[in-house]
Structures are given as C-alpha cells and as structure tokens.
C-alpha cells in the first residue's frame, strides 16, 4: 500500500516530538514535512529539535529540513501540535487550502461545526464535516481531539452515560509534568510539591467532556446536558494523569455492573482494527490501589484508559479512579487514531 | 511556674519523635518519661531511636532510659503516639490509673464519650469527660485528636458550617509520605508516582469530620448530619496534605463571604493564647496557585490550615483547596494544643 | 529445540521478579520451578508475590505453586536471587546436588575457584569450574555475576585495561533505589535527598572489579593489580546507576582513542550471538550531558553500558561517566547472559 | 546604631530573593534600593518579583519601587546577584562610582586584584583592595565570593591544607536544583534523573578553590599549587550540594586527626562574632550515612559546611563527604558575611 503523506505542524515541541515518535513506523502514514516556527526553518530537524523523548530521534527524519508552516505541500493530512497562540489562523489556512487538519490544539475544539472526536464514542460527529467545509468555503477541514484530562474522563463516562445516564460529575485530577510541554514546569516549582492550579484546564474539562458526549443536531454538535465540576492539580509524575471521579446517574447502577460495562466496552476503532486502536480502550483493574501512573501508564502502548477502585459514593452513585497517558492517548496518539478513522471513513 | 510532667507513649516512632521535638522546649510541659515497646526498653532514647527529624535529637532526652508502657509514673499527661495495634488497651490502662491520655491514635476516637477535640471548634465536647470517667470507673480519661486529613477539613468546615450549614462535602486528598510513619511508604512505590489508596483513610475522614462538628447530647457526642465523600491519594511530597473540596451549603454564600469568614476566624485557643495556638488558625491565600505543600506547610510553625482557590462550584456551592502540616497540626501539635486546653480548662 | 528447564531461587523478591520477567519468553530456558522462603511455599506465585514490575505478571507463572529452596528437582540451572543471609548454604547444596547455580548473590563471588563472569571480558575464567567441582566434590557448580555498580565499571574498564593498562580508578556512584530491593529504601529517606552511603558497596566495587579483570593461574582466579577507590551514593532515581570515573593508565591514551576503543568493543556474547547479548555492550554518547538514567537506562533493553563525557583529567589520564540498568544488566540480565554462555560452552 | 544602607543588584532573581530574605532583619544593613533589569523598573518589588522563597516576601520591601542598575545612590554597599551576562560592566561602574560591590557573580572572581573571599580562610586577601582601587582609578572596589560548590570544598580543604598540605583533590558533586536559579532546570529533565553536566562548573571548582587557598604576592593573589579534578552532577534535590572528595596530602594524617582538626576549626568571623557567622563553620558528623542534604542543609541557618564519612582512601590519603546550602552559605549568605567582614575591617 502506498503510504499517505502527512505533515507535522509544530514538529519541534513536546507534542510534535511525540507525533514524530509515533509516526516513525506507522503502517499507513508517512511523514513528508516537518513544520515549525521561524526559529527552526532552514535547519535540519536534528539541528532544530531539542529531542526529549525516551527513544532516539528517528534517523530518517533527523536530516529533513524544517519548513515554515505553509499550506499547499504534497501531503493530505496536517497533524497540528501548534501552540494555541498561533494554531488558530494556521489551521484555518491549511483547511482552506485543502488539507485535513487533525489538531491537538485547543483553538477550534468548541466550534459547533468542528468535530471533537474520541473515536470509540462519537465517530458519528464526523458528519458535521461537509457543513463545515461548505459554510467556511474550505476545500479541507479541521478535526480535533480533546484536552488530555478530558480524554480519559470522557472515555470512562461514555459507556456509562449511554447505559445509565450521567447527571453530575466531580473530578479531581493529578496531572503529570509532561502535560505542560517543554521546558514546562520548573523543577523548583514541583519537586516534592503539588500545584493546585493549571491555567484553563478546569474549564476545558468541564466543557469538552460534554461536547464529546454530545450529539449532532442540524449539522452542529450540541453539548450533553450533565454538569462537570473539575479541580486540577500538577504533581511530580513524569507521564500519566490520575483522576478521582464521583458520578450521579439517572438510573441506578452497582459498581460491579459499571466494572463489567467498562471492561467489555469496545468501539468503532476496535471493530475497524485501526492500527493505533488499543484492544481494550478501557482496562478495569481490581486491586485496591491501582491504577498508578508509573506502573500502568503504558498499558496497551499508552492507548488504554485504566480504571480502578470502582465503588459506591456516600453522596452520589459511584466513584472511581482513572488513568491515561497524557502525551500518547491524551495527545498525539489520539490525533493519529482520529486520522486513521478519517481515512477508513473516506474523509481524506 | 513549675512544669507539668508528661510521658510520651510510642516515643521512638515517627509521631513520637515529633512529640519529642515539639515538647523539647515547651513552656508548660516537661517530658519526664519516654515509653516504647520491649524492643527499646532499657536502652537510652538516643540508642533506641532512629532519629528522622530535621533538627537534632534534644540532648537532654538522648540520655533518658526508655521505659515500658506502664502507667503509674510521676506524670499527669500521657501523650500517646502508639500504633493502633496496641494503643487500645494501653491507653485504657493509663486512663484507669489516673493519667490524662492525650492520644493521636485512632482506637478510641469514635467512642461517644471520648472527645475528639479540635479546640478552635469544639472545646465544649470536653464536657463528656466526667461521664467518661464515671461510667468507665477511671481516675483519668482519654481525649483524642482526629486523623491528619480530617483536621484541616474540619478546621475549614467549622466556621462555614456554623454560619451557612454544610450539607455535602466532596474531598479529594493528596497526602504526604510522612503521614505513613517510618519506614512507611517504600520509595519504589511512590517516586514519580501517585497511589490512589490509603487504607482506612477515607472512612476516617467521612466519620471523624462529622464527630468534630457534632454536638453533645446526654453526655454523648452525636455526629453532625452532613455527608462526606472522601477520595485519598498518596503523592511524593514530604510534608503537607493538600485537599480539593467542594461543598453544598444550606444557605447561599459567595466565595468572597467564605474567604472573609475563614480569614477572620479565631477560636478558644486564640482567646486563651495557648502556647501552641497559631495566631490565625486559618490563613486564606489569594494567589491562584496556592496553597502548595512545599511553600506553605510551615505557615505559623505548621499549626495553620492554609486555604486557597475559594471559588464557585458548577454543581454545588463553593470549592476550595486546603493544606495543613500532617505531622504537626495534623498529629503531635494537635495533641499538644489539646493538652494545653485541658490544662487551662482544669482537666489535669 | 527443547527448552532447558530452570529454577529461580528467591523468586518473590525484587531480583527474583526481574528473573521471572526476563525468562518469561526466553528462547532457550523455561522456568520450571519458583522457589522461595517458607512464608511463600504452598501458595501460588500469584498469591505469594507482591508484583512490582512495570509489565504484568506472566500468566502461566501466576498459577505455579511456590516451592521450598530444595535441590534435586527436574531443572539443570538454578538462578539464584537469594538474600545473602541464606544464599551461601543453599547455593552450595544445589551445586553439590548437580545443579549449575547461576547466582546474583554476593556470598561466593570472591572465592578463587568460583568464576565471577562478565562474559564480554572474562569467559575464560570458566575454566576454574572443573577444579571447583573436583575439590568441593560437587556434581554441579556455582557461577556468579558481580554487584550491579561493578558491572558497568568493569565493562568500561575491560577494553581500556587490555589496551592501555589501568593503574588507578576513582569512581563515585549515584545509584537508583531499585538497587536496594523491595521495600528497600523508605521514601522518607530519599525523596529530594542523597544518601552518601550504601552498606558494603564500596568494598564490593573495589574488589570485584579487580577479580573480573583478573586472570586464572593454577586453576584459581587472581585479582588484577590496579587499585580502585569507590564512593557510593543513593539518589532518587528509579532505575540506573550513574558513575563518575577518573583513570590513571600505564600507556597514554587520548579521550578520542578511548571513545573509539569503547565504541567498537564487542566480546564473546556478540560473536556467539547469545540471545540476551546487546549488539553494542558499550554505547558511547557524544552529547555533553549524557548518559542520563531516565533517558538512557533502557539502551538495548537495559543490557548496554552507556558511556559519555570522555575527557582528560587534570590529575590522572581520563575521565568519563558510565550508566547501566542495575536490575537488568546489573543483576538478572547478567545472570541469564552467563547461563547462555554456560550452555554454549557446554557447562550445562 | 545607624544601619548601613545597601542596594541589591539583580533583586528579582533567585539569588536576589535570597539576599532580600537574609537582609530583611539584618542588624547592620538596611536595604535601601532594589535594582533590576528594565523589565522590572518602575514596578514595585511586589509586582516585579515572582517570589519563590519559603517564607513570605518582607512587607516593607514589597512596596519599594524597583530601580534601574545605576550607581550613585545613597548606599555604600551594592550586593550583586546579577546574571553573568551583564554583571561585568555594571559592577565596574558601581565600583568606579565609589560603592563597595560585594558580588556573587562570576565575572571578576579570577582577576588577580579582586579578592575571592571566604572569610574564615583568607581575610588577608582583602589587602589587594588598595591596589585594585588605585590601578583601576576606582573610588570603590569589588569583592567576590566563590561559586557555591567551591565554597564548601574550600572550607573543608582550608584547615587541612594549612596543617598537612593538600596536593591533589578529586571531587564529584551532586548539586541541588536551586543552584540553577529560576526557572532553571525543567522538571522534565531532572525528575527521577541525574544530569552529569553543569556548564562551566567543573572549571570554576578547579580554579576558584585554588584562588581562595592562594596567597598575596605583590598586591596580587596567586593560586595555590595543588590540582583539582571536579566532576559535577545535577540531582533532584531542592537545596544542598553534596560532594564526595578524595585528597592527597603532603604530610600523612589519619582520618581521626582530620576530623578533630575540622571540628575544632574557627576563623576570623567567629572571633569577630560577625552576625552571619556560624558558631561552627564546619560541623563533623560521625554517623556512617551523613551528611544528607534534606536532613542537614539548614545546619546553623544554612551557614555551616557539614562533613562526614572521613575515612582512608585506598589510593590517596583521605576521603570525605561534604554538604553545604548552595543559596545561603554558597551564595547570598556568603556575600553578606563578606560585607560584615568589610565593615569590621574598615573597608566601607
């Protein structure tokens, strides 16, 4: 099979590096262009990047010249890992020029005609794309994935919401430092410490979760009607966001039923056997003290959401602890899975 | 003034060492006896203890012979830092023999005739002591303080409950390793990690908070009627428990009103100018990203509860973040403040 | 090929678990028996072990009954991860009964007729085995690997010693917590801290390095004649020992020559293509700030020694920084490589 | 006594904040001016600074307007915490204008007519000041303190060098993150890691140590003749640099003699009872596993050098482990002690 040529926008940053790592040996996609800001253009990627991934920089890409973020090149997908300060306009320009922009940036996530896809749950939201293209007069389109913390919460809520109806969600997160990019959090601020604040994060979780679990009406995505209260914290963990959740449900459900529901859950990526899809999008652990980020974050190559401690809540219905890999399933891996879905669904 | 002689039960453990540190230069109390298990008796304290405090072992006490935990000695107060496995029987024996047992152990905390004192809030609960002594035929008595996480939660809830009526409490904790004693948490388990489980801790918070804010009826303490849902986590922090809280109130209150209420709060220890009482039992910070354990844990020598991020909750009424020093205000310091209250209130 | 049956002695401990992990899918060896102390015997391995590895416990072994450490069973190799307190006698009994004991324990390492093997460097030391068996009247034998810190130092010194002659070695180590087993180092002792002492470690490095690089004379292994001064520290790192080294050489050598020598080095395991042998036993990095444990410890599945910062020393001849994975190449992986060598060399 | 007015240059940075903290209640000095780069001038100090100290920002100084770094104001001492990129020229301008510049910056440290003072050891080096002023036609002068790692090494070497003659020094450091300023080391780089490189640090230790222990000849300071080989590492520790040292001496000395010599050592600051002088500039600990940064870094308010593990070296004469507080005795505290000496010695 001839591989589909792709570009990575913002290729030198932390999420951009994660894209490079995950796409290096992808069966369907081939990195054709590495794009970044003026600081980097003209240099080779090996010169421009301060490589911070555990594995080595893929050799083939080290020699590639970094280009400016300009549309029109020989690639159909543009994966965007751009900083929110610049992503808005650049992504629009790429979509207008005919590229399918698969973005991890927050800029367009909440626009009603831009799908915010978590493919196990809301692949049907892609149906707003034709309207998006038509109304905006774009040859291409923009598809987004959510904020990292939202991803694991929405994944676990999805099956529960469909079966029992979620009404209220309390979530307190303990988020890894890699979520802040690089250089990100100064070590002086986080070593042996907790920072009980991440700018903009609580608002994202409270809104994006509802969009993922929302529905399409008149070619626009409407938010699900439950309410979310999020409190977010940064903790001295390398990778993996842990979330303590308490839920109110419309119909009663026992913890055991929730556990079975989540354990058995699969979605379209599993049916379609998309290359990046985990076999179990949700893994339920029964030990009293799991999930733990250092132990469980790489479950199914970092693409699974791990759930544990499913138990009653003295106030609402059920409590649980969630964990996911914030830069894989919570960022670059999510975007790549979205792109795989777009290919199979003939949106490329 | 002649100092009051005291004993420390369980003097070699982590909380016992904290008692030794805080009592070394106490204006009212003088350590007369250091008691521990058989492993230590007969040795000097300096030989028996594996000293793990930041400051040096007080020289005068290093040479004191460690005694077995037997009542009857020449001391009126017995501070108990005993392990729960043995504290039950030993504390009773000391109380029966006429000592005032001021305990940090959990064994007797929930008995209706044993006061669970947080002196800024419920000094009136001491009035169950005469009944306790009479019914149990003890010459002395037992007075307890709560679990560390409960302490900071109850402190912040107290003034709010009195003014606005607390109905529901969601709390998620991020607790320091020092809370697990020594050797406590293996480094392999917690370095770069979060453990979303602390055995028995959630139940303690859900019950003890209600006892502290409860009331005396017929010489017994009844629980306050609100409900608490607690989720507890261990994080790689040395000292200081951080707690994310969301509250439902009976009467409406704006965040600003809550902030002013907590900032201005003082109680009996402040009025009585007890030696260990912080000037501000609650310190409200206005920065968006505080309190933080490494920065704020030593506020007022570790005796204040630091509160921040007081803001609305999309589901309930108000959210906030709490912090306190788990081995000072949350353990040994709390017991010493209780003993100071007992002295002034003539219970010695 | 029919697999060779093996036993793991001390299978429930930290190194024992590493053996279980590495042997789970080994091409030549098949775990037939899991042996441990009385506490565990009779239980299944899944019940007996507190599994602390990143990956899951291999399912086939979870159901295996743990046996007492008794020789005579249906296995030819006994991998020993026993605690030094008991390893001495048990290993002798297994050797006497005809098993080939491949030990990671320190007890017999320094006996002149027991090979201390680092197979890239001193496979010829195996020739003392016939004498060992004869003099001790054993049907089997004991073969050991060194202490973890020694392994990486000896690996880097080996090629240099042969070519230029090592005369003096200063080494300061910064060792990971996993080197202390489980529960090992209490988190209170190491979080945000350095402990400048590891019991017995400096003596091991100063002696074992010389035995590995020693020579066989009259069926006994004699120590190499250079001198080693080791200072050892524990640091809050999960896996990977970092070592700062300064060397005096008999013949002059420039850093560039040393770097080329180490980069190009291979030994018998590479020639024999042993299954656990790294392609490059030594990887030389040229960045100014590498190796780093979190980034480089898994080089070649944790079987390579990574060397960097090769540069002149103002006092001696050359300085460098070494890194290796202490529980893989420094423990279980080393023993398995030794067993692979023993098989190919017909010692089984 | 009327206090001496002082300015702090670079007052908003990490070391500048440490100056503010230590000078807030100084008995002799009063902060009159807070100076920083253009980014901060015109704002109040409270607005301009991102306060990162454990204690609160001194209230009186929060309201002070930050000024540009211009000489001529109403202060005699200018404490310099300037970045090396700008310190050179600014410090010269202040000295020319008549201020006594007491600098923590590296720019002028190695100039032969600029004293590099560690007042317990080389107060006599101040005698080059008249020549400095005359030759450079300055009304004021520049006095420096060393790099943080050098400070503790020189302190411990000083008494040994005088008595026994130091010939060779091997030192491997494990340095705290606070030594890199703020934001300094990204948490992604150091959490659970060791970085075996600190730019320029090894050269500083190898040279500055020799200048401190050097001597004045013809109004110039000449370096001591021993040789130092330094290897420097960054470790995940908040405060406190730990150093493993091995020494060759001219005259033989047993570890016990060295321990007694260091324990009993005092210098001019102790005789003069300078306000910031520790009672014991060197504290020798006898436990096998001390000093440790988290436990010992605040010894004598962070002004002592703590020494432990004094023992023989298999190659040279003696080994030991050193520890000091890198931002107190290793930076701002050192400069303040220098200024106290300058006052008493009539250099103001």
Original post:
Fewest first, what order do A:290, D:234, C:217, D:136 take by the number of other Cβ atoms within 10 Å?
Top reply: C:217, D:136, A:290, D:234
Subject >> Shape box of the stretch A:196-285 [Cα atoms, principal axes, largest first, Å] >> reply: 39, 39, 34
**OP:** For the stretch B:148-325, count the residues as N, evaluate 2.2 N^0.38 Å, and divide the Cα radius of gyration by that value, please.
**Re:** 1.02
Subject >> Max mean-square fluctuation residue, GNM over chain D, Cα-Cα springs under 10 Å, options D:146, D:25, D:199 >> reply: D:199
Original post:
Helix-derived [θ] at 222 nm for chain C: sum -39500 (n - 2.57) over DSSP H runs of at least 4, divide by residue count, nearest 500?
Top reply: -8000 deg cm²/dmol
Subject >> Length-normalised contact order of the stretch B:1-89 in % [C-alpha pairs under 8 Å, at least 6 apart] >> reply: 39
Subject >> In Å, descending, principal axis extents of the Cα set of the stretch B:276-348 >> reply: 48, 27, 18
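Taking the protein assembly as shown on its own, what percent of its Cα-Cα pair distances exceed 54 Å?
29
Compute the Rg/Rh shape ratio of the stretch D:7-144: radius of gyration over Kirkwood radius, all on alpha-carbon atoms. Intermediate values should be presented prior to the final figure.
Numbers: Rg = 14.9 Å, Rh = 15.3 Å.
Across the stretch D:7-144, the Cα-based Rg/Rh ratio is 0.97.
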Original post:
Using alpha carbons only, how many degrees (0 to 90, rounded to 10) separate the axis of helix A:14-23 from the longest principal axis of chain A?
Top reply: 80
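Provide, as a two-decimal number, the C-alpha radius of gyration of the stretch A:95-139 over 2.2 N^0.38 Å, N being how many residues it has.
Details: Rg = 10.5 Å, N = 45, 2.2 N^0.38 = 9.3 Å.
So the stretch A:95-139 has a normalised radius of gyration of 1.12.
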**OP:** State, to one decimal in nm and shortest first, how far the label point of residue A:85 sits from each corresponding label point in the other identical copies (label point: 7 angstrom along Cα-to-Cβ).
**Re:** 1.6, 5.7, 5.8
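Taking the stretch C:130-215, how much of its Cα-Cα pair set, in percent, is spaced more than 22 angstrom apart?
Values: 1687 of 3655 pairs.
Above the 22 Å cut-off, the stretch C:130-215 has 46 percent of its Cα pairs.
Give the whole-number value, in cubic angstrom per residue, of the convex hull volume spanned by the C-alpha atoms of chain D.
On the way: hull volume 44.2 nm³, N = 348.
Here the figure is 127 Å³ per residue.
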Original post:
How large is the Kirkwood hydrodynamic radius of the stretch B:56-116, in angstrom, based on all distinct alpha carbon pairs?
Top reply: 12.8
**OP:** Kindly provide the pair-distance distribution of the stretch D:222-348 built from C-alpha pairs, with 10 Å bins from 0 and whole-percent values in order of increasing distance.
**Re:** 12, 36, 37, 14, 1
**OP:** Using only Cα atoms, find the angle between the long axis of helix D:255-264 and the longest principal axis of chain D, and express it within 0 to 90 degrees, rounded to the nearest 10.
**Re:** 30
Subject >> On Cα atoms only, tilt of D:148-164 relative to the major axis of chain D in degrees >> reply: 50
Original post:
Which ordering of C:215, A:19 is given by a fewest-first count of other beta-carbon atoms within 10 Å?
Top reply: C:215, A:19
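Quick one: order B:76, B:263 by neighbouring beta-carbon count within 10 Å, fewest to most. Could the numbers behind the result be given before it?
Values: B:76 19, B:263 16.
Lowest to highest Cβ neighbour count: B:263, B:76.
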**OP:** Springs between alpha-carbon atoms under 10 Å, Gaussian network over chain C: tell me which of C:101, C:235, C:185 tops the mean-square fluctuations.
**Re:** C:185
Original post:
GNM on chain B, C-alpha springs below 10 Å: top fluctuator among B:180, B:96, B:33?
Top reply: B:180
Original post:
What are the distances, in nm and sorted shortest first, from the label point of residue D:215 to the label points of the same position in each other copy, with each label point placed 7 Å from Cα along the Cα-to-Cβ direction?
Top reply: 4.8, 8.5, 9.2
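Evaluate peptide A:206-216: per residue, the Cβ atoms of other protein chains within 10 Å of its Cβ; return the mean as an integer. All intermediate terms of the calculation are to be shown ahead of the outcome.
On the way: counts 2, 0, 0, 0, 0, 0, 0, 0, 0, 0, 0.
Partner Cβ neighbours, averaged per residue: 0.
Starting from the exponent 0.38 and prefactor 2.2 Å, build the expected Rg for the stretch D:12-81 from its residue count and divide its actual Cα Rg by it. Mind dumping the intermediate values first?
On the way: Rg = 11.3 Å, N = 70, 2.2 N^0.38 = 11.1 Å.
Against the compact-globule rule of thumb, the ratio is 1.02.
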**OP:** Run the numbers on chain B and let me know its relative contact order in percent, using alpha-carbon pairs under 8 Å that are six or more apart.
**Re:** 17
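None of the figures in this text is laboratory data; all of them are computed from the coordinates on show. What you see is a predicted model, and the numbers here were worked out from it, not measured in a lab. Cβ coordinates were reconstructed from backbone atoms using ideal geometry, including for glycine residues, and neighbour counts include every protein chain displayed.
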